[in-house]
Amino acid sequence: MIDTSSLSGLRMRLRPEEPLAPRTTWRIGGPARLFAEVEDVPALGGLLRWAAAARLPAIPLGKGSNVLVPDEGLDAVVFVLAGELAAVSIEAPLVKAGGGASLMSLAVAARNTGLSGTEGLSGIPSSVGGAVRINAGAYGTEIFDLLEEVTLVSRVGEVRVVPAGTIPHGYRWSALCEGDDVVASATLRLRPAGRDEIDARLAEVREKRKRALPTGPNAGSVFKNPPGDHAGRVLEACGLKGLGVGGAEVSERHANVIVNRGSATADDVRELMARMREAVRARFGVDLVPEVEDLGRTVTNRPGPRSVESPR
């Protein structure tokens, strides 16, 4: 039994054995040993220090849009940023967003104060923290194009503010992917624009995503685009649309998207991804790199449920 009494008094909510499938866009995955909603920086630092002392992985979930959770769940502390860490504040032209804020809420807050730049990101079902970590982008905009600085919290609770220009980054990657720091907040520099212009751009992005992506549970693009090409194009050229394994299926609308038809398991998705990669490798000699993070490969899977003693 793990004692969480030392977390008492910190601004967070703890729940043992919390199902994770409803918290992921794929609707796949078992429970977390401990789930936490963390509301401010001191609570985040406290949780990370506690997890390190307990020798438990601490995993930020964000909006659950770019991850595959194993069916047996995770022997880990899984957390989301809420409260102050999901708020958006504006001192034009700067916008500060908590790492737990959604990209859509960021775009709407910016639009409401006449600031433009985040419209291309608005349809990505990601938190700001997750987007910064992987340098998320869409429709000609990457978040690092707008980023001024980030507030990071280390696994021992150290807080530091880092200029964005000092963080190496590239296509669907930043140096934050290689470390354990958590993005507590991000500050972006936007540009003034008319409300009509911003609304038109938001509507354009919304319609493009609606046409391109399926409506069933999915995690968006499964693979990164190979240099000079598009993963969707090479996958479609291999005739993979409609290919299924168990309850997982390559979307008929977009060949780089796997849809949960209602009963997909994490193993189904893994096997389908393996077949997709092999087909592209065989035909084009290209080794597709997954964009989705398989938490079952990076975190020790659960041997079985273990109890957690919650603070009283």
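Nothing in this text is a laboratory measurement; each read-out follows from the coordinates by a stated rule. Nothing here was measured: the structure is a model prediction, and the numbers come from that model. For neighbour counting, all protein chains shown are included, and Cβ atoms are generated from backbone atoms with ideal geometry for every residue, glycine included.
Brief remarks on what is shown
- For the range 225-285, the percent of C-alpha pairs falling in each 10 Å distance bin, counted from 0 to the bin holding the largest distance, reads 25, 54, 19, 1.
- Two-site FRET efficiency, residue 215 against residue 281, from Cβ-Cβ distance with R₀ of 25 Å, rounded to 0.05: 0.25
- One quarter of the surface of the convex hull around the alpha-carbon atoms of the chain equals 16.0 nm², the direction-averaged projected area.
- Scattering curve values for the range 162-308, log₁₀ I(q)/I(0), Debye with Cα scatterers, q = 0.14, 0.18, 0.19 Å⁻¹: -0.91, -1.17, -1.21
- The share of C-alpha pairs in the range 10-67 whose separation exceeds 19 Å stands at 31 percent.
- Cβ crowding within 10 Å averaged over residues, with 231-240, 179-188, 121-130 ranked highest first: 121-130, 179-188, 231-240
- By the compact-protein rule of thumb, 2.2 N^0.38 Å, the alpha-carbon radius of gyration of the range 78-164 corresponds to a ratio of 1.04.
- DSSP beta bridges fully contained in the chain are about 75 percent antiparallel.
- Taking packing as the residue-averaged number of other Cβ atoms within 10 angstrom, the listed peptides 70-78, 266-274 run from highest to lowest as 70-78, 266-274.
- When the range 1-111 is described by a simple charge dipole with +1 on each Lys and Arg Cβ and -1 on each Asp and Glu Cβ, the residue from 68, 31, 6 located farthest towards its positive end is 68.
- The label-point distance for residue 148 and residue 160, in a model that sets each label 7 Å from Cα toward Cβ, rounds to 2.1 nm.
- About the centre of its Cα atoms, the chain shows a dipole size close to 380 debye [charges on the beta carbon of Lys, Arg (+1) and Asp, Glu (-1) only; nearest 20 debye].
- Sorted by Cβ density within 10 Å, fewest first, the residues 173, 50: 173, 50
- Taking 7 Å steps out from each Cα toward its Cβ at residue 17 and residue 200 produces label points 5.6 nm apart.
- When you count the other C-beta atoms within 10 angstrom of each residue and take the mean per peptide, 34-47, 140-153 line up highest first as 34-47, 140-153.
- Selection of trypsin sites (Lys or Arg not before Pro), the range 1-104, meeting DSSP coil and at most 10 other Cβ within 10 Å: 55
- Taking the centroid of alpha carbons for each part, the range 99-133 and the range 258-279 are 29 Å apart.
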